[in-house]
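Enquirer: The following block contains the structure, expressed as structure tokens.
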Amino acid sequence: MKRLLILTGPMEGHGGEETAIIKFISELRSKYVFDLYVSEMNDEDDWLQNILPLIRNLRTNSDIGQLKKYLRTVSFLVNTDVDAIITLTPRLVFIASLIKKTFRKKYIIISWIQFSITNKFNQKTQNLLKQANFHLAISSGIKEQLVQIGIDEKSVFTIYNPVERMLKLITSTVYSYTRFVYIARIQFQKEKNLQDLLTACSLLKGNWQLDIYGFDASKNHEETKKCLEYAKHLEITKHINWVGWKDSPWDEITNADALVLTSNSEGFGMVLCEAISRGLPVISSNCPTGPADIVNNDNGFLYEMKNVKQLAKYMQGFINSEYKFIPNEVKNSIEPLYMDNYINRVNDILNVILN
């Protein structure tokens, strides 16, 4: 079997990248032998325990300086025997390419970026991606960005990210109020942009509640404090339920009316798929990149970024019972993204790349 190394940048232990890696390896390990190199483990490493039985070799770094981390990465790549390296950052593409040229290694370099490229990286860093042989794009938007920076379209393959088919369906609330759900990192502005969601909420009329599930990685929970102060300023505190981080938030959600995502940028927007796969409609900003591949007339609404009045209009529509989304139809609206279709797509692409 062909041997693949997944080479990652810093990992927190509870994000979308970790989930994508676990699913990628678990579903493809019958056809490929996997190694995993985590260049920097910043927080929780419990997810690695789940992946250990699935791989041949695991290496991680933590609590070391940048120079030592770089030297360890170089040493690992010099001694690796894999057929291809799948890299999750532009700088790791550059390092893998440098080692390949210097030591005449035969491996193929494949980029697999999990973020909007133009939002995450400066021009110099973006250009490092040109040194990869092929590229796996998790959204059509990322493919467009890769082509825009000068990468040959023929070397870019759109695979999306895999979505589990869920048996459980989330149905509309049986309460006297409309329930909105937010599941993502707690960031007042920045990438997740809770400020716009709170602003839109201040425009709503009627009975509603917003449940916020999320992890705050900021020092002293500064991001959460900003959100709390802003909600108080808007006089909507009584409508907001701050749940905090949960390992399995969907296990706790039986009834809800819509998931809302107000990001300034995404790589794919997996939480949208997690909601839709359970029959829960969504409202999302039409940010780069990902939501436009996921959200359609059968499962929810896209609003233009920063247009909080449009966001509030869609949310108000749920409060007013203007929409009639049918859970099974919502669930079936992302058929191409489900795991079986994803694996067939990735297998076909890897066969082309590696053979």
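The values are calculated or read from the model by the stated rules, or taken from the named source; none is laboratory data. A quick note: this is a predicted structure, and the numbers were derived from the prediction, not measured. Cβ placement follows ideal geometry from the backbone for every residue including glycine, while neighbour counts extend to all protein chains displayed.
Enquirer: Does residue 70 satisfy the condition of being among the aromatic types (Phe, Trp, Tyr), outside any helix (DSSP H, G or I), assigned by the TED database to the domain that holds residue 135 and within 29 Å of residue 149 (Cβ to Cβ)?
Expert: no
Enquirer: Test each condition in (1) touching a Gly at 6+ places or on another chain (Cβ under 8 Å); (2) surrounded by fewer than 18 Cβ atoms within 10 Å (Cβ to Cβ) for residue 142 and report the one that comes out false.
Expert: Every listed condition holds for residue 142 apart from (2).
Enquirer: Same structure, new question: Just to be sure before I move on: is residue 302 at pLDDT 95 or above, touching a strand residue (DSSP E or B) at 6+ places or on another chain (Cβ under 8 Å) and over 25 Å from residue 169 (Cβ atoms) in the structure I sent?
Expert: no
Enquirer: Continuing with this model, one more query. Starting from region 260-282, take each residue that is assigned by the TED database to the domain that holds residue 315 and of a type in the set (S, T, N, Q) and list its partners that are at pLDDT below 95 and in a helix (DSSP H, G or I), counting only C-beta distances under 7 angstrom and pairs at least six apart or across chains.
Expert: Partner pairs satisfying both residue conditions: 265/119.
Enquirer: Now a separate question. Can you tell which of 156, 181 is of a type in the set (A, V, I, L, M, F, W, C) and free of Cβ contacts under 8 Å to residues at least 24 places away in the same chain?
Expert: 156
Enquirer: For region 265-292, how many residues meet the condition of being under 13 Å from the mean Cα position of the chain (by Cα) and among the charged types (D, E, K, R)?
Expert: 2
Enquirer: Among (1) surrounded by fewer than 22 Cβ atoms within 10 Å (Cβ to Cβ); (2) within 20 Å of residue 4 (Cβ to Cβ); (3) over 22 Å from the mean Cα position of the chain (by Cα), where does residue 157 come up short?
Expert: All conditions pass for residue 157, except number (3).
Enquirer: Looking at region 73-102, which of its residues are crowded, with 23+ Cβ neighbours inside 10 Å and either assigned to a strand (DSSP E or B) or at pLDDT below 95 (or both)?
Expert: 85, 86, 87
Enquirer: Considering only region 119-164, state which residues are closer than 21 Å to residue 273 by Cβ, assigned to a loop (DSSP other than H, G, I, E, B) and at pLDDT 95 or above.
Expert: 138, 139, 159, 160, listed by residue number.
Enquirer: In the set 229, 322, which member is at pLDDT 95 or above, surrounded by fewer than 18 Cβ atoms within 10 Å (Cβ to Cβ), not β-branched (Val, Ile, Thr) and not in a loop (DSSP other than H, G, I, E, B)?
Expert: Just one listed residue meets the conditions, 229.
Enquirer: Is it true that some residue in region 103-118 is in a helix (DSSP H, G or I), of a type in the set (Lys, Arg), at negative phi and crowded, with 17+ Cβ neighbours inside 10 Å?
Expert: no
Enquirer: When you look at residue 315, is it among the aliphatic types (A, V, I, L, M) and at pLDDT below 95, yes or no?
Expert: So residue 315 fails the test.
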